[in-house]
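**Q** One structure coming up, written as structure tokens, with questions to follow.
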Amino acid sequence: MSVQIDQTHTVEIVPCTGASPSFRWIIRRPDGTALRQSPYAFTTEKGAQISASLWRRELAEAGIR
């Protein structure tokens, strides 16, 4: 699942492999390269989305593109 978060970055929520369902996020630049990824897994997709949104805000405030 990918979500456009502004003109420059995309958030991708990806499932983790393992016994219990869990999710990680990846924030990507427009060229598709990974800018940041979650340091740990989340038990819900919504939790991963919320965390990615907060990280995206931090990146925007720091002026990181």
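The values are calculated or read from the model by the stated rules, or taken from the named source; none is laboratory data. Model, not experiment: these values are computed from the prediction. In this analysis, Cβ positions are derived from the backbone assuming ideal geometry, glycine residues included, and neighbour counts consider all displayed protein chains. Ligands, DNA and RNA are stripped out before the accessible areas are found, and what is left, the full protein with its side chains, is counted by its heavy atoms. Shrake-Rupley method; radii C 1.70, N 1.55, O 1.52, S 1.80 Å.
**Q** Could you calculate the contour length gain from L54 to S20, that is, 0.36 nm times the residue separation minus the distance between their Cα atoms, to one decimal place in nm?
**A** Separation in residues times 0.36 nm, less the Cα-Cα distance, equals 9.8 nm.
**Q** Treating only the Cβ atoms of Lys and Arg (+1) and Asp and Glu (-1) as charged, compute the dipole magnitude of the chain about its Cα centre; round to the nearest 20 debye.
**A** In debye, rounded to 20, the chain gives about 60.
**Q** Same structure, new question: Tell me, what % of the accessible area of the chain is carbon and sulfur with a 1.4 angstrom probe?
**A** Here carbon and sulfur together make up 54 percent of the probe-accessible area.
**Q** Roughly what angle does helix 45-61 make with the longest principal axis of the chain, taking Cα atoms, 0 to 90 degrees, to the nearest 10?
**A** Compared with the principal axis, the helix lies near 20 degrees.
**Q** Find the accessible area per residue for the chain; the probe is 1.4 Å, ligands and nucleic acids are left out, and the unit is Å².
**A** 65
**Q** Then there's this: Are there any chymotrypsin sites (Phe, Trp or Tyr not before Pro) in the stretch 20-65 that are in a DSSP loop and have at most 11 other Cβ atoms within 10 Å? List them by number.
**A** Y40
**Q** Also, quick follow-up: Report, in deg cm²/dmol and to the nearest 500, the calculated mean residue ellipticity at 222 nm for the chain, where each DSSP H run with n ≥ 4 adds -39500 (n - 2.57) and the sum is divided by the residue count.
**A** Helix-only estimate at 222 nm: -9000 deg cm²/dmol.
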